[in-house]
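Chemist: Starting off with a structure, shown below.
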Amino acid sequence: MEIQKKVTFEEELDHQFMDEVRESSFSEEISRCIQCGTCSSSCPMAEYMDYSPRKIIAMIKAGFKDDVLKSFTPWLCSSCYTCQVRCPSNIKITDIMYTLKRKSVDANVYPAKLPPPALAKEMHNIIAKNGRNSELWVVLYMYLRLKDPIGPLKMTSTGLNLLKTGRMSLKKEKIKNTKQLHALLKAVSEESE
Amino acid sequence: MRNYAYYPGCSLKAGSKHYEESILPVFKELGTPLEEMEDWNCCGATAYFSVDNDMAAAICGRNLSIAEKTERDILAPCLGCYLTMKKNNHFLQSGEEKAKKILKDLKETGCEYKGTIKVFHPLEFLTNEYGLDKVKEKVQRPLTNLKVACYYGCQLVRPYTDFDDPDYPVTLDNLMEAIGAKAVDYSSKTRCCGGSLAGTMEDVGVGLNYVLLKEANKKGADAIVTICPLCQLNVEMTQGKIVKKYKDVEKIPVLYFSQLMGLALGISKDDLGFSRSFIPLDNLWEKLETGGKK
């Protein structure tokens, strides 16, 4: 059996990480976190996370960049904003979770086997191409990306119900002026580099 | 009264057709017919914020620009669309350097946005602009005897809390009372349904929606009323698995507020998308007594 180090040493911490997160979340207040735990106790998803929202904030402040970006936690944030409206220090916790998602995508360290990042990427692609989302296709592409043939089977009953009630569409939706959209996205990506 | 550009979003054209099928006749009946916005694109939902923030703002900017050209504010029945566009609108008007750059890109690609548009949800329009008294006057068939659990979900009242309370909103309850139904005291009304996670991670969907269903059962609700396509789908589609896993709950229909409004306004039930429910509605029609008739 191989023994692995479980502790992050001081020299592995990234002390610029908090500032980085603060800037891209437009949340100046992160340093004011008092570790009260209101976020974690409000979070409907906390029980499924590897680190609770309170811990994630503490880890950002302490510079645990690697552990934070590889964590499932940001991807399990359902974006319900309960923590954000309840935080006594007015920290934009949900926006911080979005920042962490983007940073983990940029650094390519997001949990690749977890469905939410795969869904986000596929939805991003289909909208950038067609200007509209097509629910069925996005879900299929997501399972292809995950290389998960069992996933779609688990959704059979919902699929059948949608089909029976005429709520499933095979059509790929598209806007008329895709040219304009593509030009816009190109202009935005060029400037942000 | 303001002018509105109706923004259906992707859901109302696909899995949530019955939201559109009911909201269009209802608004027509109220004398404020909705006109769909020209060549709108998807709002990007939570996916764009997760991948690229600037692009998220840009694609919403295109929609805002289309609305601005016709001098109409946006009316978005889907809460995902509503919050995403409201949030990006906020950002584009923030004066941040990044926002200025995106506004420049928008202008250069023929989507100039000056920042004059607001984003509204139909519930906001009915409560603050149209007025519930006027809704009451239009009621032909009050939904007496019907007990509903009003489920707001999250994105209408959070993080922007300028419309209703973030934890215990009441506007949908008031609307349901205005059409004669009884709104039960539903304490899970803003608890999360899981959003897109409910579909991709089964355990999460079943776990979160069990709480919502159980509370509605406990309060004796005949139906759960929703204002968001994703809430409607999640609370409805997870019920099969919930009743298999937990023995202490019963299935109940999950309807759009616009479907019930339509009934109350005297529109035939055949024209409000009720046939798209996964859950049988027999109990509902029985309860409404007059509901089965045209």
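Since every read-out is calculated from the coordinates, none of them should be taken as a lab result. Please read these numbers as outputs of a predicted model, since none were measured by experiment. Neighbour counts run over all protein chains shown; Cβ positions are idealised from the backbone, glycine included.
Chemist: Order by neighbour count: B:Leu288, A:Leu13, fewest other Cβ atoms within 10 Å first, most last. Working shown, then result.
Modeler: On the way: B:Leu288 22, A:Leu13 16.
The fewest-first ordering by Cβ neighbours comes to A:Leu13, B:Leu288.
Chemist: So which aspartates and glutamates can B:Lys87 reach, going by Cα to Cα under 12 Å and dropping same-chain residues fewer than 8 places off?
Modeler: Counting by Cα, and skipping residues close in sequence, B:Lys87 has these aspartates and glutamates nearby: A:Asp95.
Chemist: Using alpha carbon centroids, what distance separates segment A:1-26 and segment B:218-294, in Å?
Modeler: Measuring centre to centre over Cα atoms gives 48 Å.
Chemist: Right, another one. Using only Cα atoms, what is the ratio of the radius of gyration of segment B:176-287 to 2.2 N^0.38 Å? Please list the in-between numbers first.
Modeler: On the way: Rg = 13.8 Å, N = 112, 2.2 N^0.38 = 13.2 Å.
Normalised Rg, Cα atoms only: 1.04.
Chemist: Return an integer: the convex hull volume of the alpha-carbon atoms of chain A, in Å³ per residue.
Modeler: Numbers: hull volume 34.5 nm³, N = 193.
Taking only Cα atoms, chain A has a hull volume of 179 Å³ per residue.
Chemist: With 10 Å bins from zero, work out the P(r) of segment A:10-106 over every alpha carbon pair and list the percent per bin.
Modeler: 18, 56, 25, 1
Chemist: Taking neighbour counts of Cβ atoms within 10 Å as a proxy for exposure, in what order, fewest first, do A:Phe72, B:Phe49 appear?
Modeler: Working: A:Phe72 17, B:Phe49 24.
Ranked by crowding around the Cβ, least crowded first: A:Phe72, B:Phe49.
Chemist: Right, something else. Quick one: A:Phe26, B:Phe257, fewest Cβ neighbours within 10 Å first, how do they rank? Intermediate results must be reported in sequence, preceding the final value.
Modeler: Details: A:Phe26 15, B:Phe257 26.
Sorted ascending by nearby Cβ count, the order is A:Phe26, B:Phe257.
Chemist: For q values of 0.18, 0.23, 0.30 Å⁻¹, compute log₁₀ I(q)/I(0) with the Debye formula on a Cα-only model of segment B:71-130, without solvent.
Modeler: -0.69, -0.96, -1.21
Chemist: Can you count the Lys pairs in segment A:115-192 with C-alpha separation below 25 Å, eight or more apart or on different chains?
Modeler: Lysine pair count for segment A:115-192: 27.
Chemist: Could you tell me the center-to-center distance, by alpha carbons, between segment B:23-102 and segment B:148-187 in angstrom?
Modeler: Spelled out, the Cα-based centre of one part sits 23 Å from the other.
Chemist: When Rg is the radius of gyration of the Cα atoms in the protein assembly as shown and Rh is its Kirkwood radius, what does Rg/Rh come to?
Modeler: Rounded to two decimals, Rg/Rh equals 0.96.
Chemist: Continuing with the same structure: Rounded to two decimals, what is Rg over Rh for chain B when you use alpha-carbon atoms and the Kirkwood radius? Walk me through the numbers before you get to the answer.
Modeler: On the way: Rg = 19.2 Å, Rh = 19.6 Å.
Computed over Cα atoms, the ratio is 0.98.
Chemist: What residue among B:Ser50, B:Ser277, B:Ser268 has the largest mean-square fluctuation in a Gaussian network model of chain B, using Cα springs under 10 Å?
Modeler: Result for chain B, Cα springs under 10 Å: B:Ser50 fluctuates most.
Chemist: I've got another one for you. Can you compute log10 of I(q)/I(0) for segment B:4-120 with the Debye formula, treating each Cα as one identical point scatterer, at q = 0.23 Å⁻¹?
Modeler: After summing over all Cα pairs, the log10 values are -1.31.
Chemist: Please give every one of the aspartates and glutamates within straight-line cross-link reach of B:Lys287, meaning a C-alpha to C-alpha distance under 15 Å, and leave out same-chain neighbours fewer than 8 residues apart.
Modeler: B:Lys287 reaches B:Asp222.
Chemist: Take the alpha-carbon centre of segment A:30-64, take the same for segment A:86-102, and report the distance between them in whole Å.
Modeler: Comparing the Cα centres of segment A:30-64 and segment A:86-102, I get a distance of 10 Å.
Chemist: Restrict the search to segment B:233-294; then list the GluC sites (Glu not before Pro) that DSSP places in a loop and that have at most 14 other Cβ atoms within 10 Å of their Cβ.
Modeler: Details: sites: B:Glu236, B:Glu250, B:Glu286, B:Glu289; in loops: B:Glu250, B:Glu289.
Answer in residue order: B:Glu250, B:Glu289.
Chemist: What FRET efficiency would be calculated for the residue pair B:Glu38, A:Cys36, taking the C-beta separation as r and a Förster radius of 60 Å, to the nearest 0.05? Can you show the working numbers first?
Modeler: On the way: r = 48 Å, r/R0 = 0.80.
So the FRET efficiency works out to roughly 0.80.
Chemist: Less than 18 Å from a label point 7 Å out along the Cα-to-Cβ axis of B:Glu108: which backbone N atoms in segment B:47-61 qualify, by residue?
Modeler: B:54-61, by backbone N distance to the label point.
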